[in-house]
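The values are calculated or read from the model by the stated rules, or taken from the named source; none is laboratory data. Worth saying up front: this structure is predicted, and the values here are computed from it rather than measured. Cβ placement follows ideal geometry from the backbone for every residue including glycine, while neighbour counts extend to all protein chains displayed. The accessibility values were calculated without ligands, DNA or RNA, using every heavy atom of the protein model including side chains. Shrake-Rupley method; radii C 1.70, N 1.55, O 1.52, S 1.80 Å.
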Amino acid sequence: MIDHLDDHLHEECGVFGIFGDPEASEKTYLGLYALQHRGQESAGIASTNGQDIKLRKGLGLVWSVFSDPESMPPLKGTSAIGHNRYSTKGSTVIINAQPLSIECKAGKIALAHNGTITNAYELRKELESEGAIFQTTSDSELLLHLIARSKKDTFLEMVKDGLSRIVGAYCYLLLTPEALVVARDPHGFRPLSLGRTDGAYVVASETCAFDIIGAEYLRSVEPGEILVIDSKGLASHRMPPAPKLSFCIFEHIYFSRPDSLVFGEKVDKIRRRLGKQLAQESPCDADIVISVPDSGNTAALGYARASGIKYEIGLIRNHYIGRTFIAPHQDRRKLDVRVKLNPVAGVIEGRRVVLVDDSIVRGTTMRQIVQLLRSKGAREVHVRISSPPICFPCYYGIDISTSSELIACSRKVSEIADYLGADSLAYLSIEAMLQTVDDGSRYCTACFSGSYPTTVPVDFDKFQF
Ligand code: SF4
């Protein structure tokens, strides 16, 4: 499992679904376990035996929600969906845990969602003014209301009707007793892959969830694609295309596991290339390259290989911190970095160090790390970041809601270096970053460039209900 330091962006969710497997809920549990890094606030599984939908969810990590031996037997079925949540919309309360489940004229439906709906505020006000009663404070619930109110005849048409009202980032998994319906938004912000295991179809945010159950990767669910998986097999349908594809480049920089394929590309390879580009753009006269574990590891390897400077393990991470450190409220993040990281004195002492990490959000953690390295005798500390400065909020499923929390929003690079106490600081350029992927034009870079691929809420604070 990948933990998060407190000065990183956080992914909203991980989703997993399977259709046509007698061990559907057990495999969903394992899939969620592999996707734990995408959300640690709550976990849940909905399953069906072809008649009813059973649901179990709770606050906490996957293993703790399902630690009771009695929790899995009631979920026995042949199809299931699962969800790991990190709250960016709606607070951390059990009502917001997913999957959500309803019964309406379309029948029994369970829903799992990864992403953020940018027109959620307007849609919710509209639906409430028409008498809708919401069960949660999460934007994920909107699609269920839109499906329930649709006047179309078939479930697929109702889903399409609902999706036609929704703007933003989504990978939806909808489970009914008869089918698993999967939709990825036309911009393709968040990744979703399709696989196969023992005759069953599986979908997951990342392919590390396929590996853990021995499933074979087939392909990405395409942007704007709706898959209907039922007893007849798999059918693909399309929504109208977006003007521009906008895959989240941060999935490669930080969010996804390096052993995953996302957007059809190997995260590990791209992360190494980010480090290589960084070494070429911002070389450094130094003795060793070290990473901020675990997030900076792969890019640091790329930097070391390209620069010819020796890679060393200079910071040791305590992996047994627990979820206190990954809660979404900032005041709970102000815990000492020393609890999490400790420098290896014998590696650091008297050395000129290149310190590689994937990103800087507030700068608070990096500042403490630089101080730690100096306290262990580092002669120089040169910070290298394998992404450009983050200057703008994200509206597509990542927890940057205001520019004021971003250090690069208000300070020049030299000023940030001073704040960190670093001898030098360099970020990767947007151009070099986009050269690391197959086709850079398909990616969103809004948090670096301010160029948003959709209309964004005028007042994002208002958007938080
Ligand atoms: Fe990803 Fe940044 Fe775009 Fe958000 S704004 S989707 S974090 S690239």
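Which values of log₁₀ I(q)/I(0), to two decimal places, follow from the Debye formula for the chain at q = 0.07 Å⁻¹ with a uniform point scatterer at every Cα?
-0.35
Leaving ligands, DNA and RNA out of it, work out the accessible area of residue 444 with a 1.4 Å probe and give it in Å² to the nearest 10.
Looks like 20 Å² after rounding.
Hey, what do the phi angles of the range 430-439 turn into as Karplus ³J(HN,Hα) couplings, whole Hz, using 6.51/-1.76/1.60 and θ = phi - 60°, x for Gly and Pro?
4, 4, 5, 4, 6, 6, 7, 10, 4, 9
What angle do you read, to the nearest 10 degrees and between 0 and 90, between the alpha-carbon axis of helix 364-375 and the longest principal axis of the chain?
Relative to the chain, helix 364-375 is tipped by roughly 30 degrees.
How much of the DSSP bridge set in the chain is antiparallel, in percent, rounded to the nearest 5?
Numbers: 68 of 86 bridges.
Looking only at bridges with both residues in the chain, the antiparallel portion is about 80 percent.
Only four residue types carry charge here, +1 at the Cβ of Lys and Arg and -1 at the Cβ of Asp and Glu. Report the dipole size of the range 13-242 about the Cα centre in Debye, rounded to the nearest 20. Don't jump to the answer; show the numbers that get you there.
On the way: 23 positive and 26 negative charges, 64 e Å.
Dipole magnitude for the range 13-242 comes out near 300 debye.
Counting only protein heavy atoms and using a 1.4 Å probe, what share of the accessible area of the range 89-178 belongs to carbon plus sulfur, as a whole percent? Please list the in-between numbers first.
Values: 1740 of 3330 Å².
So the carbon and sulfur contribution to the accessible surface is 52 percent.
With only alpha-carbon atoms in the gyration tensor, what are the semi-axes of the equivalent ellipsoid for the range 350-405, in Å, largest first? Walk me through the numbers on the way to the answer.
On the way: eigenvalues 159, 25, 10 Å².
Taking √(5λ) for each Cα gyration eigenvalue gives 28, 11, 7 Å.
Could you give the alpha-carbon Rg of the range 159-217 over 2.2 N^0.38 Å, rounded to two decimals?
On the way: Rg = 12.8 Å, N = 59, 2.2 N^0.38 = 10.4 Å.
Expressed relative to 2.2 N^0.38 Å, the Cα Rg reads 1.24.
Among all the lysines, which ones have a C-alpha under 22 Å from residue 105's C-alpha, if same-chain residues fewer than 8 places away are not counted?
Counting by Cα, and skipping residues close in sequence, residue 105 has these lysines nearby: 54, 151, 152, 160.
Non-local amide H neighbours of residue 60 (under 5 Å, H modeled in plane, Pro and chain starts lacking H): which ones?
So residue 60 has HN proximity to 42, 43.
Probe radius 1.4 Å, ligands and nucleic acids ignored: give me the carbon and sulfur share of the accessible area of the range 270-438 as a rounded percent. It would help to have the intermediate numbers written out before the result.
Numbers: 3280 of 7010 Å².
Whole-percent figure for carbon plus sulfur exposure: 47.
Among 100, 129, 398, pick out the residue whose Cα is farthest towards the positive end of the charge dipole of the chain, where Lys and Arg carry +1 and Asp and Glu carry -1 on C-beta, about the Cα centre.
398
Taking amide H positions as placed 1.01 Å from N in the peptide plane, with prolines and chain starts having none, which residues 5 or more places from residue 220, or on another chain, fall under 5 Å of its amide H?
194
What number in nm² do you get for the range 135-266 if you take the convex hull of its Cα atoms and divide its surface by four? Intermediate values should be presented prior to the final figure.
Details: hull surface 36.0 nm².
Hull-based average projected area comes out at 9.0 nm².
Figure the gain on full extension for residue 379 and residue 232 (residue separation times 0.36 nm, minus the Cα-Cα span) and round it to one decimal in nm. The partial results should precede the final answer.
Values: separation 147, 0.36 × 147 = 52.92 nm, distance 6.60 nm.
So the chain would gain 46.3 nm between residue 379 and residue 232.
For the range 107-191, what is the per residue volume of the convex hull drawn over the alpha-carbon atoms, in cubic angstrom? Intermediate values should be presented prior to the final figure.
Values: hull volume 7.8 nm³, N = 85.
Normalising the Cα hull of the range 107-191 by residue number yields 92 Å³.
Could you work out the Rg to Rh ratio of the range 13-242, with Rh taken as the Kirkwood radius (inverse of the mean 1/r over all Cα pairs)? Intermediate values should be presented prior to the final figure.
Working: Rg = 15.9 Å, Rh = 17.1 Å.
For the range 13-242, the value is 0.93.
As a test of the definition: which semi-axes, in Å, follow for the range 270-438 when you take the square root of five times each eigenvalue of its alpha carbon gyration tensor? Largest first, please. Numbers along the way, then the final one.
On the way: eigenvalues 105, 86, 46 Å².
Output for the range 270-438: semi-axes of 23, 21, 15 Å.
For a quick check of understanding: with a 1.4 angstrom probe and all protein chains in place, what accessible area in square angstrom does residue 454 have, to the nearest ten?
Result for residue 454: roughly 20 Å² accessible.
Averaged per residue, what accessible area in Å² does the chain show with a 1.4 Å probe, protein chains only? Display every interim value, and only then the final one.
Details: 17380 Å² over 465 residues.
Accessible area per residue, the chain: 37 Å².
Counting only pairs 8 or more places apart or on different chains, how many lysine pairs in the range 270-438 have C-alpha atoms closer than 23 Å? List each step's numbers first, then the result.
Values: 276/310; 310/376; 334/376; 340/376.
Taking the Cα cut-off of 23 Å, the pair count is 4.
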